[in-house]
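The values are calculated or read from the model by the stated rules, or taken from the named source; none is laboratory data. Quantities reported herein were computed from a predicted structural model and do not represent experimental measurements. Don't worry about glycine lacking a Cβ; one is built from the backbone with ideal geometry, like all the others, and counts go over all protein chains shown.
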Amino acid sequence: MIIEYVGVKEINGSLVVMDGVKGVSYEEIVDIRLDNGTVRQGRVVQIEGERVVIQVFEGTRDISLDNTSTRLTGHPMEMPLSPEIVGRILDGAGRPIDGLGDIYPVTKRNINGTAINPVSRIYPRNYINTGISSIDTLSTLIRGQKLPIFSGSGMKHNELAVQIVRQAQIQGADEHNFGIVFAAMGVKNDVADYFRKSFEEAGVMQRVVMFLNLSNDPIIERTLTPRCALTTAEYLAFELNMHILVIMTDMTSYAEALREFSSSKGEIPGRKGYPGYLYSDLASMYERAGMIKGSEGSVTQIPILTMPNDDITHPVPDLTGYITEGQIVLDRGLQAQGIYPPVNVLPSLSRLMKDGIGEGFTRADHSDLANQLFASYAKVIDARSLASVIGEEELSDTDKKYIEFGRMFEGSFVNQGFEENRSIDQSLDLGWKLLSTLPRSELDRIDDELLDKYYQGD
Amino acid sequence: MADVIYGINGPVVTVKDTTEFSMMEMVYVGRERLIGEVIGITSDYTTIQCYEETTGLKPGDPVEGTHTQMNLMLGPGILDNIFDGIERPLAEIEKEAGAFINRGSTVSSLDTEKEWDVTVTAKVGDTLNGGEVYATLPETQIITHKLMVPPLISGEVTEVKPDGKYTLNDVIVKLKDKFGTVHELTLCQRWPIRTPRPVAQRLTPTVPLITGQRVIDTLFPVSKGGTAAIPGGFGTGKTMTQHQLAKWCDADIIVYVGCGERGNEMSQVLQEFSELIDPKSGRPMTDRTTLIANTSNMPVAAREASIYTGITLAEYYRDMGYDVAIMADSTSRWAEALREISGRLEEMPAEEGFPAYLPSRLSEFYERAGRADVLSGTQGSVTIIGAVSPQGSDFSEPVTQNTKRFTRCFWALDKSLAYARHYPAINWNDSYSEYFTELDAWYNENYGREFVEYRSGISALLQEENRLMEIVKLIGSDVLPDDQKLIIEIAKIVRVGFLQQNAFHKDDTYVPLEKQKLMMKTILHLYERSKSVVAENIPISRIRDTGLFEKITKIKYDIPNDRLEMFDDYISDIDEKINGILS
């Protein structure tokens, strides 16, 4: 027998409170039928005896205290999955919106997933060649890694993401086992369109699953979008043995949706009004990247987030940086100089890089070269701040060389065309060419042997 | 009437109208028997934090008390193993549930079927007090596990089994206490995680924990039984530093707690430690290591417990007389777990939403470190090295500030050093160690009085450089007089050639103290001799042209750790070249 509960007791933001509900379980999904015949979905977020708080995904507009009847479904939020899902476009809660009909599920999965046992993980060490010098050389992307792009409004993070998708070559992956899961959270319609078009132009659309929650879609749905996307990614990777690249944009919108939900629930806020569990919540998504024993596939994540006011210490980029394995930071100053991609290499970092480069992966000199480029570029920054005080003319000869090195580094190494695909050898050789403009005695991070082999200066 | 669930909010579960439970009691929640702990009692409600996901729990599901506090099983099999935050063996869970962790697992913490080679040392008629050893067994090839009478029990031995092979739950000794109760002692015991294990007497820590990392051993040493904090924003190398310490420090046992950190990092630790050979014993590092992995997406309450689980395991091995080092990465995640649960309980927040009891919890934890006469009649120590992840890289936030109050070593990681890939990115101006006075005697005795002198010389140089750099930032280095330029040159050698250390270089990853001392000696010798050149008004560029600066900078790579006699050549080379300039 299915019991329907008529009416609700309280409505507050996206939450409704009901009384006298029996046999409900935590995180269970409920169907709320309105008088006008529409059905909305909600999730149980708090239980106190027979008083139940329900979060309504599509919002509470039109709901009054007595125009609803609510039914318990008896299970938590699940995502229907089948191999046919590849190539489809879905809304933020995983329902098809491309007019191609429903997905006939082969299996259903709880969208919250469960934690991967650390013992079952395979330590990622296979590098992904993105064809972008600043990433391949200095913050190498590894298969199974989560490497976010920290950007700001108006910067070219979307272009960079598209270029990575187009150029990414995964060893051992071909059309049949390489796929992209794209989750848009609170992005503008134009941005979603841009991604769709770019995927089509690159000829990869039939390998993409798109989840679209646009900026005017319900906020609560936004909190489901990345979970639906990652559940799909896990299914494709760990059961169908595909290599999946997950792009999630924009994580800041997601966090704001979470904050809105939390404050309407009356929770005690942490930093900047974000709930105290923001870290655990973000981690429950980012940690779903990786590779596991007994499966050929992998989940690699590139979350994109816009830093409010370009502030890297804002809670969202800050907590993200503590969970992810590095970050790629874009810089407004570089973009203003017309440099694309405007990657600020100093704060950018790939934590898994050290074990995925060098002999057998890229080239034996990679690690030393990268370290030296970082160290030398850091000196460029020092020289520049000095020059801004005493003028470039007054600098010592060495400092002048650094200024020149910095100019070339940004202009020809970081800067590259949207269509330009550089091989790892090209990128490394370019790095050596730049270092060779500095006196050999300044290169203190490199073994003499390598210097003898690659250094071209005098 | 059986107790049932009333309310559920995240990991917090409430039970109404019961007097059944006591504070900190361990309970089973729901039909899947999820593990939980009682954290609050009022006349109406009992509040429980649940160590597993609460999705799917219903009001009316049973809650069952255990009448004991949250406790751990302590016995052989802890080493070379990996547990979650409440001591469940992850490898066994994998066998049971596959790659994803299931709920309500009932796997025993330690292997109950493995047979251990036990040597019984107690004899019938002996009087044994709490903490005294009644048997030993080889747990791994390098660690002898001592079976100790649980600390609160003592009495006369009435029965012993002969030496031989026994499993975890076999009774090998029977003990009759003064009330006539007979206690059966097996290969394991239980101990509540939130209660420190007792010791006979605490001692002053006077021996340094040698880590082979120059900036730590020389400038900011920590003692065995000391506490150290490593604060740093993301990307500054906290985890990397913790790994280096876990690999190379001279403790007998390492407890590595991954508290709310990355899953891939834990798999890296697992892989690296099993491949890495301990130079002292020639055995894999895992033989002396136990790992506690509660990654950031595992339940938050278990994250809170993982720190206590780690320290309890550490104390257990300390009681056997070992020097134990526990790496907690990161204590901020633990503090955030406190905050999260406190928020769910709607407690009044103090600073930044953290509960007001954050400082007292932190001090309770760090006070469990120390060197002591243990009950088994020897000495042991627990050293705590806690990473702190300050939000927004701001050291004024509550967790960093409170940690600073309760630890005596502060290794501040610096973003700009990390950006320049200067690792370990320990900032020499902001860091400090309070252990100097206690440790100097040890350095004097083992490495001669020069060691402390050299250290003072090196820190004086760095401080002087710091002062000069203020000027250089404003007007450039060209205008400085030669004697000050020399300080900047030498300080650069100290920074690049001494403080910076390459964890991936076979010699540089671990540097013995003798080599650290000789490196300092050589650098200071170069400084003294160069000063005599500058005093003669000979331009500093003459010294630069000899290539001595570069040569000394590369000592760390060029002199292998086992060929320290090569330092003599370097000293005479300095003399020769400087004399050449002077003549």
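Numerical summary
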quantity: Wholly within segment A:352-454, helices (runs of 4 or more DSSP H) carrying at least 3 residues that are more than 25 Å from B:LEU548 (Cβ to Cβ); calculated: A:353-356, A:366-390, A:397-408, A:424-435
quantity: Yes/no for B:ARG339 being crowded, with 23+ Cβ neighbours inside 10 Å, touching a residue at least 60 places away in the same chain (Cβ under 8 Å) and not in a loop (DSSP other than H, G, I, E, B); calculated: no
quantity: Subset of segment A:334-370 (residues that are under 23 Å from A:ARG143 (Cβ atoms), touching a residue at least 12 places away in the same chain (Cβ under 8 Å), out of contact with any Gly (no Cβ under 6 Å at 6 or more places or on another chain) and at the interface with chain B (Cβ under 10 Å from one of its Cβ atoms)); calculated: A:VAL345, A:SER348, A:LEU352, A:LYS354, A:ASP355, A:ALA370
quantity: Members of segment A:293-308 that are in a loop (DSSP other than H, G, I, E, B) and either within 10 Å of chain B (Cβ to nearest Cβ) or modelled with pLDDT of 90 or more (or both); calculated: A:LYS293, A:GLY294, A:SER295, A:GLY297, A:MET307
quantity: Residue that is farthest from the other protein chains (Cβ to nearest Cβ), among those in segment A:9-33 that are aliphatic (A, V, I, L, M) and under 20 Å from A:SER263 (Cα atoms); calculated: A:ILE11
quantity: Scan of segment B:269-300 for residues that are within 8 Å of chain A (Cβ to nearest Cβ), in contact with a strand residue (DSSP E or B) (Cβ under 7 Å, 6 or more places away or on another chain) and in a loop (DSSP other than H, G, I, E, B), ordered by number; calculated: B:THR295
quantity: A:GLU325 within 11 Å of chain B (Cβ to nearest Cβ) and either touching a residue at least 60 places away in the same chain (Cβ under 8 Å) or under 29 Å from A:ALA375 (Cα atoms) (or both); calculated: yes
quantity: Residues being farther than 19 Å from B:LYS554 by Cα and in contact with a Lys or Arg (Cβ under 8 Å, 6 or more places away or on another chain) - total across segment A:429-449; calculated: 2
quantity: Tally of residues being in contact (Cβ under 8 Å) with a residue 24 or more places away in the chain, more than 16 Å from B:SER381 (Cα to Cα) and assigned to a helix (DSSP H, G or I) across segment B:212-266; calculated: 19
quantity: Scope segment A:2-50; condition under 16 Å from A:HIS75 (Cα atoms) and not in a strand (DSSP E or B); matching residues; calculated: A:ILE2, A:ILE3, A:VAL21, A:LYS22, A:GLY23, A:VAL24, A:SER25, A:TYR26, A:GLU27
quantity: Residue check, A:ILE390 at pLDDT below 90, within 9 Å of chain B (Cβ to nearest Cβ) and surrounded by fewer than 23 Cβ atoms within 10 Å (Cβ to Cβ); calculated: yes
quantity: Close pairs (7 angstrom Cβ cut-off, 6 or more residues apart or separate chains): without any contact (Cβ under 8 Å) to a residue 24 or more places away in the chain in segment B:61-88, assigned to a loop (DSSP other than H, G, I, E, B) anywhere; calculated: B:ARG88/B:SER105; B:ARG88/B:VAL107; B:ARG88/B:SER109
quantity: Within segment A:34-55, tally of residues that are more than 8 Å from chain B (Cβ to nearest Cβ), more than 30 Å from the chain's Cα centre (by Cα) and crowded, with 16+ Cβ neighbours inside 10 Å; calculated: 3
quantity: Residue check for B:TYR316: in contact with a Leu (Cβ under 6 Å, 6 or more places away or on another chain), in a helix (DSSP H, G or I) and not β-branched (Val, Ile, Thr); calculated: yes
quantity: So B:ILE41, is it surrounded by fewer than 19 Cβ atoms within 10 Å (Cβ to Cβ) and modelled with pLDDT of 90 or more; calculated: yes
quantity: Residue in segment B:319-327 that is buried (at least 24 other Cβ atoms within 10 Å of the Cβ), without any contact (Cβ under 8 Å) to a residue 60 or more places away in the chain, more than 14 Å from chain A (Cβ to nearest Cβ) and closer than 28 Å to A:ARG271 by Cβ present; calculated: no
quantity: Residue that is over 14 Å from the mean Cα position of the chain (by Cα) and either at the interface with chain B (Cβ under 9 Å from one of its Cβ atoms) or basic (Lys, Arg) (or both), where the choices are A:ASP311, A:ASP331; calculated: A:ASP311
quantity: Segment B:10-28: number of residues that are surrounded by 21 or more Cβ atoms within 10 Å (Cβ to Cβ) and within 14 Å of chain A (Cβ to nearest Cβ); calculated: 6
quantity: Filtered residues of segment A:270-292 (kept if closer than 16 Å to B:SER342 by Cα and within 7 Å of another protein chain (Cβ to nearest Cβ)); calculated: A:GLY270, A:ARG271, A:GLY276, A:TYR277, A:TYR279, A:SER280
quantity: Residue in segment B:385-432 that is nearest to the chain's Cα centre (by Cα), counting only those that are polar (S, T, N, Q) and within 11 Å of another protein chain (Cβ to nearest Cβ); calculated: B:SER389
quantity: Qualifying position, being out of contact with any helix residue (DSSP H, G or I) (no Cβ under 7 Å at 6 or more places or on another chain) and outside any loop (DSSP other than H, G, I, E, B), among B:THR54, B:THR68; calculated: B:THR68
quantity: Candidate set: segment A:146-169, residues that are assigned to a loop (DSSP other than H, G, I, E, B) and among the small types (Gly, Ala, Ser); chosen: the one nearest to A:SER298 (Cα to Cα); calculated: A:ALA168
quantity: Qualifying residue in segment B:97-107 (condition: within 14 Å of another protein chain (Cβ to nearest Cβ) and outside any loop (DSSP other than H, G, I, E, B)); calculated: yes
quantity: Output for segment B:514-548, where each listed residue is touching a residue at least 60 places away in the same chain (Cβ under 8 Å) and either among the acidic types (Asp, Glu) or surrounded by fewer than 18 Cβ atoms within 10 Å (Cβ to Cβ) (or both); calculated: B:GLU514
quantity: Selected residue (criterion: nearest to the other protein chains (Cβ to nearest Cβ)) from residues of segment A:403-458 that are more than 23 Å from A:GLY356 (Cβ to Cβ) and polar (S, T, N, Q); calculated: A:SER441
quantity: Residues satisfying the stated conditions in segment B:474-510, i.e. within 13 Å of another protein chain (Cβ to nearest Cβ), in a helix (DSSP H, G or I) and of a type in the set (Asp, Glu); calculated: B:GLU489
quantity: Among the residues listed as A:GLU267, A:GLU287, the single one being among the acidic types (Asp, Glu) and in contact (Cβ under 8 Å) with a residue 60 or more places away in the chain; calculated: A:GLU287
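Conditions tested, residue by residue: (1) away from every other protein chain (no Cβ under 11 Å); (2) within 19 Å of the chain's Cα centre (by Cα); (3) not in a helix (DSSP H, G or I).
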| position | (1), (2), (3) |
| --- | --- |
| B:GLU347 | no, no, yes |
| B:ARG361 | yes, yes, no |
| B:GLU364 | yes, yes, no |
| B:THR383 | yes, yes, yes |
